[in-house]
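The values are calculated or read from the model by the stated rules, or taken from the named source; none is laboratory data. Please read all numbers here as calculations on a predicted model, not as lab measurements. Positions of Cβ are generated from backbone atoms using ideal geometry, with glycine treated the same way; all protein chains shown enter the neighbour counts. Areas reflect the complete protein model, heavy atoms only, side chains present, ligands, DNA and RNA absent. Shrake-Rupley method; radii C 1.70, N 1.55, O 1.52, S 1.80 Å.
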Amino acid sequence: MVKLILIVISAVLVNNFVLSRFLGICPFLGVSKKTSTALGMSGAVVFVMTLAAAVTWLVQTYVLKPLDIGYMQTIAFILIIASLVQLVEIILKKFLPSLHAALGIFLPLITTNCAVLGMAVLAIQKNFTFVETVVFGFASSLGFALALVLFTGLREKIDRSNPPKAFKGVAIALITAALLSMAFMGFSGLVKI
Amino acid sequence: MSEEQLYSVSSSPHVHSGASIHGIMRDVVIAMVPTFIAAIIFFGLNALILTATCVISCVFFEYLSRRIMKRNNTINDLSAVITGVLLAFNLPPTFPIWMAVVGSFVAIVIAKQLFGGLGYNPFNPALAGRLFLFLSFAFAMSGDWTPWSYINTENIVATTSATPLGMLQESTGSIAFLSNNSNIMNMFLGKVNGCIGEVSALALILGGLYLLWRKVITWHIPVAYIGTVAVFATILYMIDPSTNASPLFHLFSGGLMLGAIFMATDMVTSPTDRSGMLVFGIGCGLLTMIIRKWGAYPEGVSFSIFIMNATTPLINRVCKPRVFGVKGKA
Amino acid sequence: MNILKAKFKIHGGVHPKYRKELARDEETKRLPLPDILRISTTQHLGAPSKPVVKKGDYVKKYQLLAEAAGFISAPVHSPASGTIKDIVTGTGASGAPVTEIILETNNTSDAELTGVYPTDEWQKLSPETILNRIREAGVVGAGGAGFPTYVKLSPPPDKKIETLIINGAECEPYLTADYRLMLEHPECLIAGIQIICKVLNVTEAYIAIEDNKPEAIELLSKYLEDKKIENIKVSTLPTYYPQGAEKQQIYSITGREVPSGGLPADVGVLVENTGTTVAIYNAVIKDLPFIERTTTVSGYGIETPSNVIAPIGTPYQELIDFCGGAKDDVKKIISGGPMMGFAQATAETTTTKTTSGLLLLTAKEISQFESSPCISCGRCIAACPMNLMPAELSQFCEAEDFESAAANRVMDCMECGCCAFSCPAHRPLVQHFRTAKAFLRAQPKK
Amino acid sequence: MTASKNNTCKLEACVTQGSTCFQLVACHLRASSASPARRERSLRYLKTYGKRKVKMNFYIELVKGLWKENPIFRLMLGMCPTLAVTTSLQNGLGMGVATLFVLIGSNIVISMLRNVIPDKVRIPCYIVVIATFVTVIDLCMAAFTPELHKSLGIFIPLIVVNCIILGRAEAFASKNRVFVSIADAIGMGLGFTLSLAILGSLREVLGAGTITLWGSGLQVKTFLSKNPAVLLLLPPGGFMSLGLILGFINYMQDLKAKRLGKTYEPPVLNGCRHCIIACGQSTKPKEDK
Amino acid sequence: MIETVLTIIEPYLPIIKTVFAITCIGFGCSFALAIAAKFFEVKDDPRIGEVNELLPGANCGACGYAGCMDYAKAVVMDDAELNRCAPGGADLTATLAEYLGKTAEAAEKQVAIVLCMGTNDAAKCRFEYNGIADCRAAHLVGGGDKACTYGCLGYSSCATVCPTQAIEMVDGVAKVHPELCISCGKCVTACPRNLIKLVPEKNTVHILCSSNDKGPIVRKVCTKGCIGCTMCVKLTKEEESVFMDGFLAKIDYSKEVQNKVIVEKCPPKCIIDTTINN
């Protein structure tokens, strides 16, 4: 139990996926213009990543490991994640159209969100158990969501600000991300995992 | 008609309270004078040189960046001066001058002017500069603490050349010693090691009272911040006094007073509504104590304020006053 | 004792320099009839009145010039006898184009009045008759907005008015017209209140006065005591701006909050201006239409600040000349108070039923707006009596994100100016909100 | 004349990206003193860009990736590895070369199979192809450069989800012949490597005070090695240095544009447009009201 | 036998295992997807996406819908008119009609024009304006600082809303670059003084004044304003392309001005011919 809590703190604050591991930068920069979209993206990522953590762990443990083909991890995982996302989309569209309307446009993006694959690979590297992996997946996505929402708030402020022309757009967003990441450095050493 | 002097027409109101950004900033500068004097008393010429370096370089970078961006000159609003003084206050007395200039560059150019100048910066510039220096030059920021002029052989804290919080972190001084009355008194007056502007709680509180009197700041952020730290520290102290320092120790050590009075209250980067300010202050207090207690760094004031700066836009979204005549949340 | 202290404290508000001493002790004077009057048909809120005279007509004093055009509208009467020179389009005090009837006065008094009722006889009139008289006399709110009083006094049947508040707060700096009115004509005021009470069948009435006008408080309470009038009380309010704002005043006295977008009638209260009350008195008891009003001419830019009774349609220049003329360093001419009034491009604009003041301000007194960035000091939020967040709202407006502004209730802004008054960055906050409100009003309702 | 040629290139860039380029073209048209006929032609070009195939030769394809369509500095693709691995020149180069290899391989295969792969399942197919090459390079690096492999860590398998590779597959290789696809891959890959090297050396010089090319064998110490700004090696430094470089590039471009009498608009991240994956809705982000 | 096979494939076992496993995973995944696609299918009209592809993607809103996607939906589902996309123009209308198998009439290409010539030196100011540099805001303060209550205020609200930056402020008056105009009409609604009109592109003669004041008043406030002398109306009597609206001459944009001499003859010179003046 203690370890699970530590995993959560580590993944959300200390080793935040976006701000200290550099995973999922593309959606972080791309989908952070409006709070509503950021929340939608966060929801979709939390959903998919938790699910993907479970599935990839199962595949790794019950397929790749027994067959001794761990090196096929990348191909196997990306296949699984891609199909998973597609599957989730199809099912959502059928049964929860309102949720699909809210998250729909973000789902295909998640396929190439390296946070998902990165999380899966990291969980295997760290030899987590099934429950730990699921918690790790959930917490990582939560960390992603936290960073995204904070960043979106800042960007909405910056969008109303007046940077020099050369820094308008991506450049100033990156500087903001740097400062946010600097703030998150304060959490370092909180837990070691 | 055209030669005739035209009347001025604008939207109402046609009169003004007379408040200005320059006036507010001037009050903040005045409020920092006691601390500055204390710094010179305790750290001598070094404090003066360091402060002067930071102020001059901050003003220079402000002027230069506005010039390059072809925008109006804003050094008259004194905000760069405040950034410079605050940055200097956050540096140890023996800090290399060139590094202070680098810090000023980060503070003014990267954290402020790139966003468009005063009012647009999401993070406190002085803190950005300080954290940049702290994370970049960790050794210079925490290594050689021996005061340049003030060496009181009777004062053990001073001769060990470590900050009280550093000692707490490294467990070099016994908790009981750190929490005893004479030591607390020294910390309150400023006879300890630390950054030049953070040691004297007394001088800082004087400045804070001046700001409150001039209505430049409201009580919400400092009280919420310091109160949260006090409550948190008291709870820890009550749980286990042998491993946790006393609440008074936490209040007067490190940059808490400087942070709570001068940096967390920075208008641009803190929430605008009173309720938001309370949330902001409580958040700062909690984070400070969490980092002090469990984090890798001895001091968490800068980080906590910086983190809360990031949440300010969200706090502003959520914490809004109830609009007159509207039931429930707007 | 019938002096009541206000119990409830509203949020926000500011303390501008009042400068009432300029004109407060000046006895009200009557302006000699100007040669030319330019009477606007937009003397009130709602549809402009429809002129019933044409070029070349000879009109007598009190004769109807323009009739009400719709429910929310009011008739306009001639303030003097003379010839109609022309009917043209001019510029109103707010800068919007208005129709003006130009009247060349001849200073004869061939006034035409239907009849004069003795003061005590109005008690016998039915409320309907009184109301009708108020409507025909063209009485409108003299405080600034100019809402037709007849409409205000006919609340929908499901809204019972319990409390009447007479607004004598006059919280705008400089202005002293209402104050002089209270001092000089307490009997008209009290009788006017009694008329309104009768029309609305209200038993409880308050005269709200800020505590910086102790003479008025004393005089009125003494008057009420002497006359043994029980149902009218003087309520003293702490001095701050905008104490005279309707919703805030109701809250100060009764503790009731008028719901957003609602009217005072929603909480059973009616607020009338002192000037309006006197106009009602004139209409009902003397059968005089609303053709003149007291205006404060003040500011450091005028030689002798005064309170002047002037007929409607008087060009501002006449008032300025009457008060000794303008000084050289006048930078701004304002119609109304300095917090909510309108700056004028010229002194050619004319007075209306709502002109409470004419201020000539020098560069020293006025504020200069800059569109400098907000430093989020939160002073505007602390000052806003409506509990809005002006800092944030103005940023939405600046980004032309009017929908977000609407979601953050920009429509609740009453443009009192407290935010812009206290803004250290001198941002034109009120102008932002005006623009946003104008934009949102022009949008089709969803 | 160079000005107009430049603009045509920009137009083409927009076409290949499938982006809306009104702003760009508007700037061009407004500022350029080109003849009415050329203006007319550009407008026609603009109107029909959705349908017309643009013919480009090998050289253009090769060069464009280096600067004009540099994947990092101009197209803002593949940010994750860019920020994560550029703590030193060596890491940046290693990552760049690995990506270059995968890019060439996947572009060749996808271009060859472009008429075979059914449209509906093209993305999964591309991913499998890319993943295969990634696994190959992963194993190769583990065998031959174990140290580099270790320091790049998780980011080698993550080349799979690097937007550049899938983006080029979708936007270029699936529509062009093998020959030009190779050129495109080399150009893009080299551009990527170049940017990583620039970023890596900057961060290394400032953050560690050294320049390392091959382990500790080829390490040059600079004047900063005594007091390096360590922060630049930490995550904030990554964001900050890239942000500053982008700002600097924009500034230079703006100056250049001004010299040519034109206006320059810095690239923007518009929703998920920067990611060229044809995920249906996301190529044309729904504008929020 | 089996043993021999085993010994032969022994060295290749890892490869076989790999191929087998990945095939299985791939097969499983695609199978699951296929089943899901089959059973949970939701029908969308594919034409919406394709129509959306055909649209320019400017999301300018000229069509009256929230964006290109919305218009595409409306075109396919609700039979919206095909000629509403201003940036696409006649070409797009034809393409859409062809694609959907419908007939549609192309809308005439229109461009915006600012009907005012009251530049800084031509038109006077009534007062010193202090406030937001935005026409809509300035218009609400005392009716704007231009002495002419009809003229362009020059605070570039129209230029700000223009999605293609086709409007430029020249000497205090907005000027439209017709070649960049996509006739979305945003500037028309943005102008608080209703100075901007969408006119057919083929018309090149314009009367650049909107003041409905009488001649002497106009002359007092602006040297370039229409004084209502009716000379242009008289000169174009046969073709009836210019008419008087109160004290202001206006062009009837359904006709083309033939007698271009009015450009020269107009006393305040407020008539222009874009083919010459540009």
*Let me know the shape class of the stretch E:46-100, please: from the alpha-carbon gyration tensor, a ≥ b ≥ c as square roots of the eigenvalues, rounded when a/c is under 1.5, otherwise prolate if a/b is greater than b/c, or oblate.*
rounded
*asked:* Can you tally the net charge around E:Thr119? Count Lys and Arg as +1, Asp and Glu as -1, for every other residue whose Cβ sits under 9 Å from the Cβ of E:Thr119.
replied: -1
*Between E:Glu168 and C:Thr89, what is the FRET efficiency for a Förster distance of 45 Å, r being their Cβ-Cβ separation, to the nearest 0.05?*
0.85
*Charge tally in the Cβ shell below 13 Å around A:Asn15, where Lys, Arg are +1 and Asp, Glu are -1, A:Asn15 excluded*: +3
*Estimated FRET transfer efficiency (C:Ala145, C:Thr108; beta-carbon r; R0 35 Å; 0.05)*: 0.50
*Mind checking the dipole of the protein assembly as shown: about its Cα centre, +1 per Lys or Arg Cβ, -1 per Asp or Glu Cβ, Debye to the nearest 20?*
3040 debye
*Select from C:Ile285, C:Ile209, C:Ala68 the residue farthest towards the positive end of the dipole of chain C; place +1 on Cβ of Lys and Arg, -1 on Cβ of Asp and Glu, and compute about the Cα centre.*
C:Ala68
*So, with a 1.4 angstrom probe, what is the percent of accessible area on chain A that is carbon and sulfur?*
70 percent
*Given H placed 1.01 Å from N in the peptide plane, which residues other than close sequence neighbours of C:Arg293 have an amide H under 5 Å from its amide H?*
C:Ala310, C:Ile312
*Could you work out the relative contact order of the stretch B:21-142, using alpha carbon pairs under 8 angstrom and six or more residues apart, expressed as a whole percent?*
26 percent
*Amide H neighbours of E:Lys146 under 5 Å, at least 5 residues apart or on other chains, H built in the peptide plane: list them.*
E:Arg126
*Work out Dmax and Rg for the stretch B:3-75 from the C-alpha atoms and quote the Rg first, both in angstrom.*
19.5, 63
*Name the residues of the stretch A:146-168 whose accessible area, probed at 1.4 Å, falls by at least 50 Å² once all protein chains are in place instead of their chain on its own?*
A:Leu150, A:Leu154, A:Lys157, A:Arg160, A:Asn162, A:Pro164, A:Lys165, A:Ala166, A:Phe167
*asked:* Taking R0 as 60 Å, what FRET efficiency do you get between D:Arg177 and C:Asp266 from their Cβ-Cβ distance, rounded to the nearest 0.05?
replied: 0.20
*Total Å² of accessible surface buried at the C-B contact, 1.4 Å probe, nearest 100?*
4100 Å²
*So what's chain B giving for Cα Rg divided by 2.2 N^0.38 Å, two decimals?*
1.06
*Total accessible area buried between chains A and E, 1.4 Å probe, in Å² to the nearest 100?*
1500 Å²
*Might you work out the accessible area of E:His177 for me, using a 1.4 Å probe with all protein chains in place, and round it to the nearest 10 Å²?*
40 Å²
_Charges on Cβ only, +1 for Lys and Arg, -1 for Asp and Glu, centred on the Cα centroid of chain A; of A:Gly186, A:Gln73, A:Phe128, which one is farthest towards the dipole's positive end?_
A:Gly186
_Give me the percent of accessible area attributable to carbon and sulfur for the stretch C:370-434, probe 1.4 angstrom._
50 percent
*Which value in nm describes the separation of the simple spin-label points at C:Glu187 and E:Ala133, placed 7 Å from the Cα toward the beta carbon?*
6.1 nm
*Given labels modelled 7 Å from the Cα in the Cβ direction, how far is it in nm from E:Ala34 to A:Lys65?*
3.1 nm
*Inter-centroid distance (Cα atoms) of the stretch E:134-195 relative to the stretch C:354-402, Å*: 25 Å
*Mind putting a number on the dipole of the stretch C:379-442 about its Cα centre? Charges go on the C-beta only, +1 for Lys and Arg and -1 for Asp and Glu, and I need it in Debye to the nearest 20.*
220 debye
*So what is the 222 nm mean residue ellipticity for the protein assembly as shown from helices alone, if each DSSP H run of at least 4 adds -39500 (n - 2.57) and you divide by all residues, rounding to the nearest 500 deg cm²/dmol?*
-14000 deg cm²/dmol
_Rg/Rg_ref, the protein assembly as shown, where Rg_ref = 2.2 N^0.38 Å and atoms are Cα_ = 1.05
*Please state, as a whole number in µm²/s, the translational diffusion coefficient that the Stokes-Einstein equation yields for the stretch C:1-141 at 25 °C and 0.890 mPa s, with Rh defined as the Kirkwood radius across alpha carbon pairs.*
132 µm²/s
*When all C-alpha to C-alpha distances in chain E are sorted into bins of 5 Å, what percent of pairs does each bin hold, rounded to whole numbers?*
1, 5, 10, 11, 11, 10, 9, 8, 6, 5, 3, 3, 3, 3, 3, 2, 2, 2, 1, 1, 1, 0, 0, 0
*Report, in cubic angstrom per residue, the convex hull volume of the C-alpha atoms of the stretch D:172-236.*
108 Å³
_Between the stretch C:186-205 and the stretch B:54-96, the Cα center-to-center distance that results, in Å_ = 65 Å
*Among C:Ala326, C:Ser109, C:Ser422, pick out the residue whose Cα is farthest towards the positive end of the charge dipole of chain C, where Lys and Arg carry +1 and Asp and Glu carry -1 on C-beta, about the Cα centre.*
C:Ser422
*What does the charge dipole of the stretch E:110-273 about its Cα centre add up to, to the nearest 20 debye, if the Cβ of each Lys and Arg holds +1 and the Cβ of each Asp and Glu holds -1?*
420 debye
*Looking at the square roots a ≥ b ≥ c of the eigenvalues of the Cα gyration tensor of chain C, which shape do they give, rounded for a/c under 1.5, prolate if a/b is larger than b/c, or oblate?*
rounded
*With the cut-off at 18 Å, report for the stretch C:379-442 the share of all Cα pairs above it, as a whole percent.*
22 percent
*Which Cys residues of chain C have no other Cys Cβ less than 4.7 Å away and so no disulfide-compatible partner by this rule?*
C:Cys171, C:Cys188, C:Cys197, C:Cys323, C:Cys374, C:Cys377, C:Cys384, C:Cys397, C:Cys413, C:Cys416, C:Cys418, C:Cys423
*Excluding C:Ala420 itself, what net charge comes from residues whose Cβ is under 12 Å from its Cβ, given Lys and Arg +1 and Asp and Glu -1?*
+1
*In the stretch A:68-93, which residues give up 40 Å² or more of accessible area once the other protein chains are added, compared with their chain alone (1.4 Å probe)?*
A:Ile69, A:Tyr71, A:Met72, A:Thr74, A:Ile75, A:Ile78, A:Leu79, A:Ser83, A:Leu87, A:Ile90, A:Lys93
*Which semi-axes, in whole Å and largest first, does the equivalent ellipsoid of the stretch B:21-142 have when worked out from the alpha carbon gyration tensor as the square roots of 5 times its eigenvalues?*
23, 17, 11
_Heavy-atom accessible area, 1.4 Å probe, ligands and nucleic acids excluded: residues of the stretch D:66-85 down by at least 10 Å² from chain alone_ = D:Met76, D:Met79, D:Cys80, D:Leu83, D:Ala84
_Accessible area, probe 1.4 Å, largest first, for residues C:Asp57, A:Asp68_ = A:Asp68, C:Asp57
*How big a patch of accessible area, both sides summed and in Å² to the nearest 100, lies buried between E and C at a 1.4 Å probe?*
1300 Å²
*Taking a probe of 1.4 angstrom, what is the accessible area of B:Leu6 in Å², to the nearest 10?*
40 Å²
*Hey, any idea what % of the stretch E:110-273's accessible area is carbon plus sulfur with a 1.4 Å probe?*
55 percent
*Rounded to whole Hz, the Karplus (6.51, -1.76, 1.60) HN-Hα couplings of the stretch B:52-63, x for glycine and proline*: 4, 4, 4, 5, 5, 5, 4, 4, 5, 5, 4, 4
*What figure in square angstrom, to the nearest 10, would you give for the accessible area of D:His149 with a 1.4 Å probe?*
50 Å²
*Counting only heavy atoms of the protein chains, get the accessible area per residue of the protein assembly as shown (1.4 Å probe) and round it to a whole Å² value.*
40 Å²
*Of E:Lys175/E:Lys265; A:Lys192/B:Lys191; C:Lys437/E:Lys146; C:Lys9/C:Lys222; E:Lys175/E:Lys220, which sit over 30 Å apart, Cα to Cα?*
A:Lys192/B:Lys191
_For the stretch E:110-273, alpha-carbon Rg and Dmax in angstrom_ = 15.4, 49
*By accessible area of protein heavy atoms, probe 1.4 Å, what ranking do D:Trp67, C:Trp122 get, highest first?*
D:Trp67, C:Trp122
*Between E:Cys24 and E:Glu239, what is the label-to-label distance in nm when each label sits 7 Å out along the Cα-to-Cβ direction?*
8.4 nm
*When N is the residue count of the stretch B:164-318, what does its C-alpha Rg come to as a fraction of 2.2 N^0.38 Å?*
1.01
*Please report the relative contact order for chain C, taking Cα pairs under 8 Å with a sequence separation of at least 6, and give it as a percent rounded to a whole number.*
20 percent
*Accessible surface ranking that places the most exposed of C:Tyr281, E:Tyr99 first, with a 1.4 angstrom probe*: E:Tyr99, C:Tyr281
